[in-house]
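The values are calculated or read from the model by the stated rules, or taken from the named source; none is laboratory data. Note that the structure is predicted; figures quoted are calculated from it, not measured. Every residue, glycine as well, gets a Cβ built from its backbone with ideal geometry; the counts of neighbours run over all protein chains shown. Just the protein is used for accessible areas: all its heavy atoms, side chains included, with ligands, DNA and RNA removed. Shrake-Rupley method; radii C 1.70, N 1.55, O 1.52, S 1.80 Å.
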Amino acid sequence: MRRFLLPFLFLPIMLHAQTTRSGPRLGVGLATISAGQILEWNGLPKVGPLGGWAWEIPWTRQASWLIEPMYITKGSLTQNSQQRVWTSVRLGYLELPVAIKFSLDTMPGGIFLTGSLIGGYWINGRSVVKQDGNVLFDTKYVLTNTRNRQQVSAGIGMGWDMNNSAFEVRIQQSITPFSTVIRGQNLVVGLHYTYYIPKKGQKLKRTKDEEEEG
């Protein structure tokens, strides 16, 4: 238990450690909203961007922590075929994923797995209803008096490390407390790309290695 809590207790120091790497994280997500179900797909994928910054903090030889504040788009795209009506819902969230990353090899690079717990805060949204291409309803959500804007999600992923780049496919599912009222659950399948900015020491080492090979 103490070993599990240690990275959080020393997080400010670890973010500035020499072994920590960081860089921009960008991607695209396919989202849907279900009526309270877990891992339940509803309608067509709602495509939206995601982006933020990622820190990777080494823990053991094969495990590390990922801290990834980001903006992510959720929502849904559904169709009523009988009435020829399309409903598009876009929800924008600020999220803070905290993930454990486990590499399948002791050497740097290669395949890795992730498991994450994600805190989110709903900041904007829009709903559009169309029939035969004509807009029937188009409105932005007013969130000033909205309760329950916080959201907790769980995620799992698989990716590939290549030097300063990392690709990951991550599935994240919102988790809401037990309630007498059915609340929509957000499911997002995202393709993430992270570019870790090389540090000065890494650049110098790489240059020396190239000169020695030459």
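Taking the criterion of being open to solvent by 70 Å² or more (accessible area, probe 1.4 Å), within 19 Å of Asp105 (Cβ to Cβ), aliphatic (A, V, I, L, M) and modelled with pLDDT of 95 or more, would at least one residue in segment 179-196 satisfy it?
Scanning segment 179-196 turns up no residue that is open to solvent by 70 Å² or more (accessible area, probe 1.4 Å), within 19 Å of Asp105 (Cβ to Cβ), aliphatic (A, V, I, L, M) and modelled with pLDDT of 95 or more.
Of all strands (runs of 3 or more DSSP E) completely enclosed by segment 60-107, which ones contain at least 2 residues that are at pLDDT 95 or above and more than 16 Å from Arg126 (Cα to Cα)?
On the way: elements: 63-67, 70-80, 85-103.
It comes to 63-67, 85-103.
Confirm whether Met14 is buried (at least 18 other Cβ atoms within 10 Å of the Cβ), modelled with pLDDT under 85 and not aromatic (Phe, Trp, Tyr). Even if it seems obvious, please write down each step before you answer.
Values: buried (at least 18 other Cβ atoms within 10 Å of the Cβ): yes; modelled with pLDDT under 85: yes; not aromatic (Phe, Trp, Tyr): yes.
When the stated conditions are applied, Met14 passes them.
Within segment 118-171, track down each residue that is open to solvent by less than 20 Å² (accessible area, probe 1.4 Å) and not in a strand (DSSP E or B).
Leu143
Scan (1) open to solvent by less than 40 Å² (accessible area, probe 1.4 Å); (2) out of contact with any Pro (no Cβ under 7 Å at 6 or more places or on another chain); (3) assigned to a strand (DSSP E or B) for the single condition Pro49 breaks and write down its number.
Pro49 satisfies all of (1) open to solvent by less than 40 Å² (accessible area, probe 1.4 Å); (2) out of contact with any Pro (no Cβ under 7 Å at 6 or more places or on another chain); (3) assigned to a strand (DSSP E or B) except (1).
In segment 17-47, how many are modelled with pLDDT under 80 and not hydrophobic (A, V, I, L, M, F, W, C)?
4
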